[in-house]
Amino acid sequence: MEYFLQQTINGITLGAVYGLIAIGYTMVYGIVGMINFAHGEIYMIGAFIAVIAFTLLGMMGVTWVPAAVLIVLVTAMLFTAAYGWAVERIAYRPLRGSFRLAPLISAIGMSIFLQNYVQLLQGARVKSIQPIVTGAIPLIETGHFQVAVTYIQILIVTLTIALMISFSLLITRTRFGRAQRACEQDQTMAALLGIDVDRTISMTFMIGAILAAVAGVMVTLYYGVVDFFIGFQAGIKAFAAAVLGGIGSLPGAMLGGFLIGLVEAYWSAYFSIEYKDIATFSILILVLIFRPSGLLGRPDVEKV
Amino acid sequence: MNGVLLDVANLTMRFGGLTAIDDLSFSAQAGHITAIIGPNGAGKTTVFNCITGFYKPTLGRIALARDSATFDLAQMSGHKIASAAHVARTFQNIRLFPRMTVLENLIVAQHNKLMCASGYTIAGLFGLPSYRKAERNAVAKARGWLERIGLVDRADDEAGTLHYGAQRKLEIARALCTDPVLLCLDEPAAGLNARESAELNRLLLDIRATDGVSLLLIEHDMNVVMGISDHIVVLDYGKRIANGTPDAVRADPAVIRAYLGEPDAVESA
């Protein structure tokens, strides 16, 4: 029972990270109808910026942890937003209106490019930082097992939930959110009402990138290690989360993220840790067979 | 409000070998309701698509004169035509945002004004009073339109759940929320019953009278066309075959020929 509780805490933390990345997939899919396979790489870049920024701050002698974390978060958000913007501008916008597979292939190319770019600049070796946010709150203590939630886990989950709430408000309550939903439903009509569709799409990519950057920073804090290949794994899992929740649906992406995180944690705990990815993707396959539109997705009804 | 608002000169649109519009010239007066009629395939919707930036015309000029400035619509992109030249349009098949509420549909149309008021996001982000005021005005304007088209009690329902006639009216109201000087209506009476189409007539006349918006209209329903137009342009095979007041057009032999065919052909058939 204690073990189960501990794994739930770990799973939710992991799920929060997947959820943040999944939002980027689902938003981009909603507005331009393509899977941005380079999104995982944006997350990876966010993690690298975190490592670099933490190291620099350490050298500069910024030791107060909340300030350091805040500075790193903002830096990573700014840089990844620029990357998100550039990726859309260079790899996708010229192909808009081309056949459906073109931007998809371009996305895969962009993903490979970014991986190699980081590998060349930063080297292929694993980078690590000292643990920055340390300490834990013990919840239950029995003789041989202690259930604890670490401060970093609390930080990840609260920050994620805060971001998800403010993001939902952004989409449902603001001018940008209205423009975003309008473009999602009918781009030509939105343009005729005076909405700059290109700008809205750019903003969508930047917001997705910002959320991925937060995920990247959090993972760096959580595990303390990054390498140029982490974007692929996390990206594909977050993509699975977006599909599981129903691609195009924002609450779906968040829910899917938490579910994938929990499944992974439980499977690693009770079965074999080597097979955790197989478990995750098996669930994805089952969902696709029995509920192709995902848990919260809205089925595409074709009018006959 | 007098003078020429829209001046289309020598407009030609070719799709490969097909000439959809052939050297078409006409103008629409400010404060008038101008109708474009013609048999199916005459090129009416293509004219609209050129005016609203969907197509780049092969040749010709589409000039819109507003506040002593002249915009060449043939050279502008879709959202600029809406936001700078203030031309709005509706479609033959309704294109509301079906999964946004009725009210949101009207507010999203005021995106530009809110955008300026928000100082491009900055003021909006911090909720400055000027932006809040602009947002209140936007909601008030939307409410005003809902009252005029009788949809106040449906304000928070998804637009896709409205019945057809109501969706039509909402689409017109949404187009007017962009503050256009010229509203292009593509078959607004299509699919409406007699009562609804009479209501539409009243709405359109009211729009011209109280909002000072000039209308350009494509329509097959002759009750609507003859009932409200000040001026009619008749197209056939992409060419203008007649041009004038409803009475003049009704009596024009070229128009009768285009709609009913040559007298000989009718007899032999």
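Using the alpha carbon gyration tensor of the stretch A:81-177, what are the three equivalent-ellipsoid semi-axes (square root of 5 times each eigenvalue), largest first, in whole Å?
39, 24, 13
Can you give the FRET efficiency to the nearest 0.05 for B:HIS220 and A:ARG96, using r as the Cβ-Cβ distance and R₀ = 35 Å? Intermediate values should be presented prior to the final figure.
Details: r = 35 Å, r/R0 = 0.99.
Using R0 = 35 Å, I get an efficiency of 0.50.
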Could you tell me the extents of the stretch A:169-304's C-alpha atoms along the three principal axes, largest first, rounded to whole Å? 55, 42, 24
Interchain or sequence-distant (5+) residues whose placed amide H lies within less than 5 Å of the amide H of B:ARG66 are B:PHE71
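If I take every Cα pair under 8 Å that is 6 or more residues apart in chain B, average their sequence separation and divide by the length, what percent do I get for the relative contact order? Could the numbers behind the result be given before it?
On the way: 473 pairs, mean separation 69.0, N = 269.
Rounded, it is 26 percent for chain B.
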Dividing the alpha-carbon radius of gyration of the stretch A:211-272 by 2.2 N^0.38 Å, where N counts its residues, gives 1.19
Would you mind checking the pairs A:LYS237/A:LYS276; B:LYS141/B:LYS169; B:LYS133/B:LYS169; B:LYS56/B:LYS169 and listing those with alpha carbons more than 23 angstrom apart? B:LYS133/B:LYS169; B:LYS56/B:LYS169
Please turn the phi angles of the stretch B:39-51 into ³J(HN,Hα) values with the Karplus equation 6.51 cos²θ - 1.76 cosθ + 1.60 (θ = phi - 60°), one per residue in order, whole Hz, x for glycine and proline. x, 4, x, 6, x, 5, 5, 4, 4, 4, 5, 6, 5
Short version: what are the Cα gyration tensor semi-axes of chain A, square root of 5 times each eigenvalue, largest first, in whole Å? 32, 24, 18
Simple spin-label estimate for A:ILE273/B:GLU147, 7 Å along Cα→Cβ, in nm, reads 6.8
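Using the per-residue mean of other Cβ atoms lying within 10 Å as a proxy for protection, in what order, highest first, do the peptides A:112-122, A:247-257, A:223-233, A:19-29 fall? Intermediate values should be presented prior to the final figure.
On the way: A:112-122: 14.7, A:247-257: 25.2, A:223-233: 18.9, A:19-29: 28.7.
Put in order of decreasing packing, that is A:19-29, A:247-257, A:223-233, A:112-122.
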With 30 Å as the cut-off, how large is the P(r) tail for chain B, expressed as percent of Cα-Cα pairs? 32
What ³J(HN,Hα) values, in whole Hz, does the Karplus curve 6.51 cos²θ - 1.76 cosθ + 1.60 give for the stretch A:226-237 when θ = phi - 60°, with x put for Gly and Pro? 9, 9, 6, 9, 5, x, 5, 4, 5, x, 6, 5
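Hey, what did the stretch B:45-175 get for relative contact order, percent, Cα under 8 Å, at least 6 apart? Walk me through the numbers on the way to the answer.
On the way: 133 pairs, mean separation 32.6, N = 131.
This gives 25 percent for the stretch B:45-175.
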Amide H to amide H, which residues 5 or more places from B:LEU217 or on other chains are under 5 Å from it, using H placed in the peptide plane? B:THR34, B:ALA35, B:ILE36, B:LEU185
Average the reciprocal distances over every distinct pair of alpha-carbons in the stretch B:1-72, invert the result, and give the Kirkwood radius in Å. 12.8
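Cα convex hull of the stretch B:118-239: mean projected area in nm², to one decimal? Mind dumping the intermediate values first?
Numbers: hull surface 40.3 nm².
Convex hull of Cα atoms, orientation-averaged projection: 10.1 nm².
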3J(HN,Hα) from dihedral phi, the stretch B:13-25, Karplus parametrisation 6.51/-1.76/1.60, rounded to Hz, x for glycine, proline: 10, 10, 10, x, x, 8, 9, 7, 10, 10, 6, 8, 10
In degrees rounded to 10, the 0-90 angle between helix A:39-60 Cα long axis and the longest Cα principal axis of chain A is 50
Mark the label point 7 Å from the Cα of B:ASN137 along Cα→Cβ and return the residues of the stretch B:75-89 whose backbone N is within less than 12 Å of it. none
Hey, could you get me the Stokes-Einstein D for the protein assembly as shown, Kirkwood radius over alpha-carbon pairs, 25 °C and 0.890 mPa s, rounded to whole µm² s⁻¹? 91
Using alpha carbons only, how many degrees (0 to 90, rounded to 10) separate the axis of helix A:250-270 from the longest principal axis of chain A? 40
Within the stretch A:126-140, name every residue whose backbone N is under 16 Å away from a label modeled 7 Å from Cα of A:THR63 along the Cβ vector. A:130-134
Residues with amide H under 5 Å of A:LEU139's amide H, sequence separation 5 or more or different chain, H placed in the peptide plane at 1.01 Å from N; which? A:VAL147, A:ALA148, A:VAL149
Candidate lysines - alpha carbon under 17 Å from B:LYS239, same-chain residues fewer than 8 apart omitted: B:LYS44
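With charges set only on the Cβ (+1 for Lys and Arg, -1 for Asp and Glu), what does the dipole of chain A come to about its Cα centre, in debye to the nearest 20? Write out the running numbers ahead of the final one.
Values: 16 positive and 14 negative charges, 133 e Å.
In total the dipole reaches around 640 debye.
Quick note: the coordinates plus some simple rules give every number you see, no bench work behind them. Source: prediction; values computed, not measured. Neighbour counts run over all protein chains shown; Cβ positions are idealised from the backbone, glycine included.
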